[in-house]
Structures are given as C-alpha cells and as structure tokens.
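J.: Sharing a structure below in structure tokens format, with a few things to ask.
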Amino acid sequence: MPQSITSYSVEERILDGGTAWVAVRARGAEWSWLTPAEAADLGQQWVERYGPRHSRPTATDNEHRLLATAD
C-alpha cells in the first residue's frame, strides 16, 4: 500500500508466507527494506530528532525526571 509523503515513499509489503517488510524510498533512490520493528525504531528516532519542538524534552523536563528518580 504506497503512501507517498513529500519527497519519500513508504510501502508495507507482505511476501509469500506472510513475512512483512516496510520499504522506504527517498527522492528516487533505491528501496530500503526494513523489518516492521526496524521501521518503528527509525520512525521514533525521526520524531525525537526532527519532530515538532514541543514534542522534544527540554532540559527542565530532564532535570525534573532526574530529581524524581533521585529520591
């Protein structure tokens, strides 16, 4: 099921036997094949690194977490 988003495409491909792969392609390059777990991990990394600023933890948020675990 192709899902083109701006300059990259993502497709889920189910091969014979039910093996699922996630195919990612950017700007006409070759397809990169990832397992669903690898794709989820990569997506999470992208959200943390490139997502909206309000979704990233601030230094203050991290300080609160450290103080809470120090008790």
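J.: So what's the net charge close to Ala40: Lys and Arg +1, Asp and Glu -1, counting the other residues with Cβ under 14 Å from its Cβ?
T.: Overall, the nearby charge balance is -4.
J.: Starting from the 7 Å offset along Cα-to-Cβ, what nm value, one decimal, do you get for the label separation of Glu38 and Asp16?
T.: Result for the modelled spin labels: 2.2 nm.
J.: Summing +1 for each Lys or Arg and -1 for each Asp or Glu, what net charge is found among the other residues whose Cβ lies under 10 Å from the Cβ of Tyr8?
T.: So the surrounding residues net to +2.
J.: Note the full-extension length gain between Gln45 and Arg27 as 0.36 nm times their separation in residues minus their Cα-Cα distance, in nm to one decimal.
T.: 4.5 nm
Computed from the coordinates by the stated procedures, all read-outs in this text should not be read as laboratory data. In this text the structure is predicted, and so the values were computed from the model without any measurement. Using ideal geometry, Cβ is built from the backbone for each residue, glycine included, and neighbour counts are taken over all protein chains shown.
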